[in-house]
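In what follows, a structure is listed as structure tokens, so that the remarks can point back to it.
The values are calculated or read from the model by the stated rules, or taken from the named source; none is laboratory data. Note that this is a predicted model, so its numbers are computed, not measured. Virtual Cβ from ideal backbone geometry, glycine too; neighbours counted across all protein chains shown.
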Amino acid sequence: MRIDVSTGLLVGVKQVLSPNFNARPAGVVPDLIVLHGISLPPGEFGGPWIERLFAGNLPPDAHPYFATIAESPVSAHVLVRRDGEPIQFVPFGARAWHAGRSSWQGRDACNDYSIGIECEGADELPYEDAQYDTLRDLLPKLLAAYPQVTPERIVGHSDVAPGRKTDPGPAFDWARVR
């Protein structure tokens, strides 16, 4: 896996391009990475549901919870599956819609200047070794490609949206990616 900085794409990984993104503000480059946790339905892993949500075609009748989120225009730059497979949805140079109302160190609208990485997981359930392996491969590549991002600027969704979001949760082992 490598990053093609000219396109913002990960070479050698599955691409499922999302319609849920737009351009970053003029002159803004990524300088923050936000790690998330996601499972669909909540607490369940596997299946096509996260990909379908980010691709904008989650069927609202496939599960009762989906009716509450199916019309939500959300995405992330990358999803890391339980088995460690990375899937890219949005080029890194574009603005993915992952953080919602958010702020980091007094600067609002984190989507404008961050890279969003979703890990398939849940707050209270341990993440998998394969996911940490992928993150330990991907994160240094992102830091090299986007030098404005430093290790101290890798944060959780809960850090940029406290009180509103809790992911990646207490089960996420930050020491394994720092």
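Residues that are surrounded by 16 or more Cβ atoms within 10 Å (Cβ to Cβ), among the charged types (D, E, K, R) and modelled with pLDDT of 95 or more: does the stretch 136-148 have at least one? Scanning the stretch 136-148, I find no residue that is surrounded by 16 or more Cβ atoms within 10 Å (Cβ to Cβ), among the charged types (D, E, K, R) and modelled with pLDDT of 95 or more, so the answer is no. You will find that of Ser158, Ser102, the residue that is among the hydroxyl-bearing types (Ser, Thr, Tyr) and either touching a residue at least 12 places away in the same chain (Cβ under 8 Å) or surrounded by fewer than 21 Cβ atoms within 10 Å (Cβ to Cβ) (or both) is Ser102 and no other.
When residues in the stretch 38-69 are screened for being out of contact with any Lys or Arg (no Cβ under 9 Å at 6 or more places or on another chain) and aliphatic (A, V, I, L, M), 5 of them pass.
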